[in-house]
Amino acid sequence: MIYAVIDTNVLVAALLTKNTDSATVKVFEAIADGRITPLYHKEILKEYAEVLGRAKFKLSAAGIKNVLSLIVKYGVEVFPKATGEILIDMDDLIFYEVVMEKRDEDSYLVTGNLKHYPVRDYIVTPAEMMEILERE
């Protein structure tokens, strides 16, 4: 089992793509089948709900509720300490702080926006996350 914080852009891509073989879909499936245990915080859930609920994505309220329920049901809520890290987009700080709180358990942050975070071997793209899962 691998712990991972899933950046919002990964969830959005997984839910919107028509390519069922995409890495974002595979990451989402790995959560559903228990290979990835998502790490979350109430601020992350709030962002997921806000972004997924945007009209342009045309996602149903029931579908969004199911996604959030899946993350809470199979995930672990984390209450991180402040890291003092300064990021390009400070809205991403909660994702970084959650992963840092669980680094002693080899957690990862999965994102489509690597440039938003410091370069670290545990901050990975969806494709890199799938390679890590395959090696496990």
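If I ask for residues that are crowded, with 23+ Cβ neighbours inside 10 Å and either polar (S, T, N, Q) or farther than 21 Å from Glu136 by Cβ (or both), which ones from segment 8-36 would you list? Residues satisfying the conditions are Leu11, Thr24.
Being among the β-branched types (Val, Ile, Thr) and in contact (Cβ under 8 Å) with a residue 40 or more places away in the chain is true for just one of Thr8, Thr17, Thr37. Which residue is that? Going through Thr8, Thr17, Thr37 in turn, the sole match is Thr8.
Residues that are under 22 Å from Ser22 (Cβ atoms), in contact with an Asp or Glu (Cβ under 6 Å, 6 or more places away or on another chain) and surrounded by 11 or more Cβ atoms within 10 Å (Cβ to Cβ) are absent from segment 73-83. With respect to the conditions (1) under 19 Å from Val99 (Cβ atoms); (2) within 13 Å of the chain's Cα centre (by Cα); (3) without any contact (Cβ under 8 Å) to a residue 12 or more places away in the chain, Gly84 lacks only one, and its number is (2). When Val10, Val5 are checked against the criterion of being of a type in the set (Val, Ile, Thr) and over 18 Å from Val78 (Cα atoms), a single residue qualifies: Val10. Does Lys65 meet the test of being basic (Lys, Arg), exposed (fewer than 14 other Cβ atoms within 10 Å of the Cβ), on the phi > 0 side of the Ramachandran plot and at pLDDT 95 or above? It is false that Lys65 is basic (Lys, Arg), exposed (fewer than 14 other Cβ atoms within 10 Å of the Cβ), on the phi > 0 side of the Ramachandran plot and at pLDDT 95 or above. Scan segment 40-77 for residues that are free of Cβ contacts under 8 Å to residues at least 60 places away in the same chain, among the hydrophobic types (A, V, I, L, M, F, W, C) and more than 18 Å from Leu15 (Cα to Cα) and the total you get is 0. For segment 95-136, filtered to residues that are surrounded by 15 or more Cβ atoms within 10 Å (Cβ to Cβ), among the aliphatic types (A, V, I, L, M) and more than 21 Å from Ala14 (Cα to Cα), the residue that is farthest from the chain's Cα centre (by Cα) is Met100.
The values are calculated or read from the model by the stated rules, or taken from the named source; none is laboratory data. All values reported here derive from a predicted model rather than from experimental measurement. Quick reminder, even Gly has a Cβ in these numbers, built from the backbone with ideal geometry, and neighbours come from all protein chains shown.
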